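Report on the following structure.
The values are calculated or read from the model by the stated rules, or taken from the named source; none is laboratory data. Everything numeric here is computed off the predicted structure, so don't read it as measured data. Counting neighbours? That spans all protein chains shown, and the Cβs are built from the backbone with ideal geometry, glycine included. The protein model used for the area step is the full one, side chains on, heavy atoms only, and it has no ligands, DNA or RNA in it. Shrake-Rupley method; radii C 1.70, N 1.55, O 1.52, S 1.80 Å.
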Amino acid sequence: MHDKILSPLAPVDEAELRRLEAEYCSYGDTVHYMEEPKFFDGCEGSYMYDAEGRQFLDLQMWYSAVNFGYRNPRLNAVAHRQLDTLPQVASQYLHREKVELAAMIAQDMERKFGRKGRVHFNVGGAQAVEDSLKLVRNASNGKQLMFAFEGGYHGRTLGASAITSSYRYRRRFGHFSDRAQFIEFPYHFRGPKGMTKEEYGHYCVQKFARLFETEYNGVLDIKTGEAEYAAFYIEPIQGTGGYVIPPPNFFIELKKVLDQHGIKLVVDEIQMGMYRTGKLWSIEHFGVQPDVLVFGKALTNGLNPLSGVWAREELINPGIFPPGSTHSTFNSNPLGTSVALEALKMTSEVDYGAAVMEKGAYFLKGLQELQKRWPQIGDVDGLGLALRCEICQEDGFTPNKALLDLMADEGMKGDLVAKSGTYGLILDVGGYYKNVITLAPSLEITHEEIDLAIELLDILLRRCTAA
């Protein structure tokens, strides 16, 4: 007799969906930032749409995973084409798109950084971070200790949360004996007063370098010159930490300290890669060469997940990192590699970086004008279309998480009346004090949509400060 395990549900309304969600869905997969998360039915370009047809201008684009706009016609067409040809193939075999994509990334890295390397694929960003941890531990004879930054975020798997500064991602899951040592990041707005950005960057590097002055700082064997730490994990621009942009001298000075002590530089580009900052990789702005680079998110524009690791040849060649060193069933899936390959082709056909930098400067100017009108905006900054807007008390400095939370909630009501119509506004909340709007709009955003974003932020501030 046929065992009927599942029976299809009849179409249900939103209230019933919420009841089912409350009974059957795990809350552990980070969906509940709001008491009642919004249901969406459609998306296009820079907008999400609900069942009533209300439009929501999205200024976070799935945490910078959809850099090229929702339902991008060119990338969606490639996904459809791949569905009709080779949608599935086991990763023990090869397919053309994987090889071409790896070669394209590796050749670009060699041109930019003068280093030959290889590309290793996985599915999600945290999984790629895990693979990178294996790479650097393997290449350093099993050293398991890492440096990372205060405010840094690298994922929520066990290994990735060990190098993510927030204790809340580790608290429930036992002792993390290999937890990173977290180093101060030059967050200038909240740094020591009286220092320029460059001076503060230099100060942070000198503070780090002091760890290597004597053996009693606990990181160096003075007799052999060998450090106990294998690598330093960095986000060139902090993501969840609030889109904090360091001064241009910072990483150049930091890398000199790392090279002196044989510590590898691992660059996490999961959120800032794929032209978010006007460069393919944000580290290109800062004048240093990575030993390992991790990427994901917008690589496939939020379509079939794909992430990866680029590493120098001497760290990743088959002799030192042989087959089976890591593995995931879906790690170089053809749906992901085909879309990623097309995204890279698309961005190489025109000066994509220049367009992003111009739009970013235009958006930043709008935020600066908004800041002049609202003392609650303590700081604005940006690089390309990675922008930050720090919400404070009226003194312009004391963090005001409550105001930003209210703004985020009000934006999701979909009733903001602007000159051109009625909208909702999707905001992402980040920062050390959870008081920073981290703005990651579509890289295809128009100037008219940027103007609309500034107008809607102004409306939200007026509504929420009055409340």
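Below, the figures for the structure above:
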| item | result |
| --- | --- |
| Selection count where residues are out of contact with any strand residue (DSSP E or B) (no Cβ under 8 Å at 6 or more places or on another chain) and either open to solvent by 60 Å² or more (accessible area, probe 1.4 Å) or in contact (Cβ under 8 Å) with a residue 60 or more places away in the chain (or both), scope the range 167-185 | 8 |
| Top-ranked residue in the range 80-102 [being among the β-branched types (V, I, T) and open to solvent by less than 90 Å² (accessible area, probe 1.4 Å); ranked as nearest to the chain's Cα centre (by Cα)] | V99 |
| Conditions (1) within 22 Å of I237 (Cβ to Cβ); (2) not in a helix (DSSP H, G or I); number of the one not met by L133 | (2) |
| Those residues of the range 332-360 which are within 22 Å of the chain's Cα centre (by Cα), hydrophobic (A, V, I, L, M, F, W, C) and open to solvent by 20 Å² or more (accessible area, probe 1.4 Å), in sequence order | L335, M346, A354, A355, M357 |
| Residue within the range 316-331 that is in contact (Cβ under 8 Å) with a residue 24 or more places away in the chain, open to solvent by 40 Å² or more (accessible area, probe 1.4 Å), closer than 30 Å to A230 by Cβ and β-branched (V, I, T) present | yes |
| Leading residue by the ranking (most open to solvent (accessible area, probe 1.4 Å)) among those in the range 7-59 that are closer than 30 Å to R168 by Cα and acidic (D, E) | E35 |
| Residue within the range 103-119 that is of a type in the set (A, V, I, L, M), open to solvent by 40 Å² or more (accessible area, probe 1.4 Å), in contact (Cβ under 8 Å) with a residue 40 or more places away in the chain and out of contact with any Pro (no Cβ under 7 Å at 6 or more places or on another chain) present | yes |
| Unique match (being in contact with a helix residue (DSSP H, G or I) (Cβ under 9 Å, 6 or more places away or on another chain), within 22 Å of D268 (Cα to Cα) and polar (S, T, N, Q)) among Q206, Q181 | Q181 |
| Some residue of the range 340-361 being of a type in the set (K, R) and under 19 Å from A453 (Cβ atoms) | yes |
| Residue in the range 394-403 that is of a type in the set (V, I, T) and in contact (Cβ under 8 Å) with a residue 12 or more places away in the chain present | no |
| Test: residue in the range 388-398 that is within 25 Å of the chain's Cα centre (by Cα), under 18 Å from Y63 (Cβ atoms) and part of a loop (DSSP other than H, G, I, E, B) | no |
| Subset of the range 431-467 that is open to solvent by 10 Å² or more (accessible area, probe 1.4 Å) and in contact with a Pro (Cβ under 9 Å, 6 or more places away or on another chain) - its residue that is nearest to E44 (Cα to Cα) | E449 |
| Hits in the range 391-421 - residues which are within 28 Å of F39 (Cβ to Cβ) and among the hydrophobic types (A, V, I, L, M, F, W, C) | I391, A402, L403, L404, L406, M407, A408, M412, L416, V417, A418 |
| Candidates E369, E390, filtered to the one that is over 19 Å from R54 (Cα atoms), touching a residue at least 40 places away in the same chain (Cβ under 8 Å), crowded, with 22+ Cβ neighbours inside 10 Å and among the acidic types (D, E) | E390 |
| Qualifying residue in the range 235-250 (condition: without any contact (Cβ under 8 Å) to a residue 40 or more places away in the chain and crowded, with 16+ Cβ neighbours inside 10 Å) | no |
| Any hit, the range 139-161, residues being among the polar types (S, T, N, Q), assigned to a loop (DSSP other than H, G, I, E, B) and free of Cβ contacts under 8 Å to residues at least 40 places away in the same chain | yes |
| Members of the range 276-326 that are small (G, A, S) and over 14 Å from Y233 (Cα atoms) | G278, S282, G287, G296, A298, G302, S307, G308, G319, G324, S325 |
| Residues of the range 212-234 satisfying the condition of being open to solvent by less than 10 Å² (accessible area, probe 1.4 Å), of a type in the set (G, A, S) and without any contact (Cβ under 8 Å) to a residue 60 or more places away in the chain | A227 |
| Any chance E184 is over 19 Å from F295 (Cα atoms), modelled with pLDDT of 95 or more and in contact with a Cys (Cβ under 8 Å, 6 or more places away or on another chain) | yes |
